[in-house]
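Trainee: Below is one structure. I have some questions about it.
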Amino acid sequence: MFKRNKLALATGLLGAALGFAVLPTMAEVLPPATPAVPAAPAAPAPAAVVTTPLAPIAAPVAMPTMGGLPDLVALIKQNSAAVVNISVEGKAVSSAYGLGLPDGLELPPELERFFRQLPDGNKGKKRSAQAVGSGFIISADGYVVTNAHVVDDAKTVTVGLGNKRELIAEVIGMDKLSDIALLKVKADNLPVVQLGNSDGLDVGQWVFAIGAPFGLDHTATQGIVSALSRSLPDGTYVPFIQTDVAVNPGNSGGPLFDLSGRVVGVNSQIYSQSGGYMGISFAIPINVAKNVVEQLKAKGQVSRGWLGVAIQDMNQELATSFNLSQPSGALVSSVERGSPADKAGIQAGDVIIGFGAGEVKSASDLPLLVGNTPVGTSVPVKVLRAGSEKTLDVTVDELADSGDKSSPRVATGEAGQGVLGVVVADLSEAERKANELKEGGVMIREVLPDSAADKAGLTTGDIIVSVNNASITSADALKAAVKSAPEGKPLAMLVMQDGKTRFIAISKP
């Protein structure tokens with residue numbers, strides 16, 4: 001889904017001259033304008049304290065309607081004061097064409113010709129990068145929630161209040177896996193939002209956002225919940241809320257409200273080919289953010305449970321190959337040695353259908369269940385193995401920040417039809433060690449064009465580890481496994497690609 005499109009983080013304020021450029025990085029930044037390009041008047045110096053306190057907003061009120069549509073006027077007025085603009089000064093970057101573009105960013109060809117005649121006296125000089133995002137106040141004494149990518153690598157963070165005052169903020173902590181950051185400003189009696197319950201959301205429910213797209217403070221947009229529990233790249237610990245609410249660069253970190261005026265999400269990402277709104281936006285459920293904020297406030301960091309498996313979603317062909325009536329659960333494609341899963345006896349080919357009291361309907365359900373489990377807790381894990389249900393007790397370990405322990409990875413399985421169409425060879429001992437295989441495995445030396453293997457995504461250099469949960473130790477073993485497989489039923493092939501394993505369903509030739 002995301003192969004040919006950019007998933008752009010909704011952060012940063014592009015200058016007027018570069019309003020259509022798309023930054024190649026996940027957090028958009030903008031160096032200050034040069035004398036060659038007209039700039040807005042400088043903002044007043046940030047104040048250390050608030051001298052004119054803002055009154056806290058009232059509790060949420062019932063939402064009136066106008067002709068069957070939601071009337072958001074009162075709700076927007078009620079909550080706008082607690083939504084803030086966040087300005088960030090970050091690392092120094094090199095300029096280009098006298099415009100101060102970040103390193104690695106080039107002007108699109110259609111725009112470049114307009115800037116060739118500008119003075120280039122600043123070209124190559126280092127300037128402080130800037131970014132703009134949104135946030136919301138959760139306590140009267142100055143705690144503010146925003147996205148981690150908005151304040152990542154920041155030298156200074158400034159919070160702009162509704163009364164035009166600006167305060168320097170301290171970053172209490174940030175969690176990149178959930179994209180949540182907690183800030184603190186020195187102030188009292190600030191207006192606050194009311195936090196809701198994202199677990200109660202339904203597809204089709206009306207929601208609205210307030211933020212600062214392109215630096216335009218307190219902009220309100222509305223839409224509906226389009227889908228729930230979306231799993232996105234680099235978002236394995238967040239079951240995103242998908243909406244059609246207009247979210248653009250600068251909205252990141254701003255609140256998503258329900259029609260009772262309570263925050264149910266934190267706007268985080270957009271799905272776009274242009275860098276701007278294209279009808280699909282994603283928010284972090286507020287229940288996920290609450291847990292992260294509590295930990296950041298208490299200790300400045302987040303601890304998560306770790307299982308030690310790579311997982312993928314089931315499709316109908318894989319379900320058929322595993323003798324399952326429907327494609328449900330998280331299919332384990334590999335187990336890390338020495339991990340909690342390994343110690344508990346979880347194997348590649350197991351289908352996890354339950355974790356503790358939680359049901360695992362898809363691969364996206366498992367990471368959040370594991371991540372929210374306290375370290376050291378023993379949890380019963382329900383798996384389907386060879387058509388039978390088993391319960392294994394797993395003692396959850398802590399996910400390391402260093403990355404030595406990998407989080408559950410979600411991969412999308414693919415399937416094909418027709419002949420297998422591969423030429424394989426036995427692995428040498430050196431190849432087996434290089435790929436950390438205990439035994440067996442055959443390497444694909446050639447994939448025939450338009451074959452089932454080709455359509456399923458198999459390529460030269462891939463390693464076939466097992467077929468229908470039977471270990472493949474040689475080319476002859478692969479041939480025998482394919483021959484003995486039932487007619488008219490897809491083969492569940494475990495394949496290692498680029499050091500990661502996943503299952504692929506391929507019809508028997």
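Read the figures in this text as sums done on the coordinates, not as results from a lab. Treat the numbers as computed from the prediction; the structure is a model and nothing was measured. Don't worry about glycine lacking a Cβ; one is built from the backbone with ideal geometry, like all the others, and counts go over all protein chains shown.
Trainee: Could you list the square roots of 5 times each eigenvalue of the Cα gyration tensor of the range 305-408, that is, the equivalent ellipsoid semi-axes, sorted largest first and rounded to whole Å?
Mentor: Working from the Cα gyration tensor, I get semi-axes of 22, 13, 12 Å.
Trainee: Could I ask something else about it? Ala298 to Val203: extension gain in nm, 0.36 nm per residue of separation minus the Cα-Cα distance?
Mentor: Between Ala298 and Val203, full extension yields an extra 30.8 nm.
Trainee: If you take the square roots of the eigenvalues of the alpha-carbon gyration tensor of the range 194-299 and sort them as a ≥ b ≥ c, do you get rounded (a/c under 1.5), prolate (a/b over b/c) or oblate?
Mentor: It comes out rounded by the Cα gyration axes.
Trainee: Say the dipole of the range 305-408 comes from +1 at the beta carbon of Lys and Arg and -1 at that of Asp and Glu; which of Ala344, Gly376, Gly387 then lies farthest toward its positive end?
Mentor: Gly387
Trainee: Given a cut-off of under 8 Å on Cα pairs at least six residues apart, what relative contact order in percent is computed for the range 194-299?
Mentor: 26
Trainee: If you don't mind, there's one more thing I want to ask. Charges at C-beta only: +1 for Lys and Arg, -1 for Asp and Glu. How large is the resulting dipole of the range 415-507 about its Cα centre, in Debye rounded to 20?
Mentor: Charge dipole, the range 415-507, about its Cα centre: 240 debye, nearest 20.
Trainee: Also, I was wondering about something else. Can you give me the distance in nm between label points at Ala74 and Glu389, each placed 7 Å from the Cα along the Cα-to-Cβ direction?
Mentor: Label at Ala74, label at Glu389, 4.8 nm between them.
Trainee: Would you kindly state how much longer the chain becomes between Lys479 and Glu89 on full extension, computed as 0.36 nm times their sequence separation minus their alpha carbon distance, in nm to one decimal?
Mentor: 134.3 nm
Trainee: Separate question: What net charge is computed for the residues neighbouring Val245, neighbours being all others with C-beta under 15 Å from the C-beta of Val245, Lys and Arg scored +1, Asp and Glu -1?
Mentor: Result for the neighbourhood of Val245: -1.
Trainee: Right, here's the next one. Arrange the following residues from fewest to most other Cβ atoms within 10 Å of their Cβ: Phe355, Phe503.
Mentor: Phe355, Phe503
Trainee: Bin width 5 Å, alpha-carbon pairs only: give the P(r) of the range 460-509 as whole percents, running from 0 to the bin holding the largest distance.
Mentor: 5, 23, 31, 27, 11, 3, 0
Trainee: By counting other Cβ atoms within 10 Å of each Cβ, how are Glu294, Glu317, Glu89, Glu487 ranked from fewest to most?
Mentor: Glu487, Glu294, Glu89, Glu317
Trainee: State, to one decimal in nm, how far the label point of Leu437 lies from the label point of Ala227, with both points 7 Å from Cα in the Cβ direction.
Mentor: Spacing of the two 7 Å Cα→Cβ label points: 3.4 nm.
Trainee: When a footprinting reagent is the concern and you count Cβ atoms within 10 Å, what order do Asp397, Asp153 take, fewest first?
Mentor: Result, fewest neighbours first: Asp153, Asp397.
Trainee: For the range 305-408, what's the relative contact order in percent, using C-alpha pairs closer than 8 Å and at least 6 residues apart?
Mentor: That works out to 32 percent.
Trainee: Please work out the FRET efficiency for the pair Ser378 and Glu446, using the Cβ-Cβ distance as r and a Förster radius of 51 Å; give the result to the nearest 0.05.
Mentor: 0.60
Trainee: Still on this structure, I have one more. Label Lys164 and Gln347 with points 7 Å out from Cα along Cα→Cβ: what is the distance between them in nm?
Mentor: In this crude label model, Lys164 to Gln347 measures out at 7.1 nm.
Trainee: Looking at the P(r) of the range 415-507, how many percent of alpha-carbon pairs lie beyond 21 Å?
Mentor: 21
Trainee: I'd like the distance between the alpha-carbon centres of the range 241-270 and the range 297-372, rounded to an integer number of Å.
Mentor: After rounding, the separation between the Cα centres reads 29 Å.
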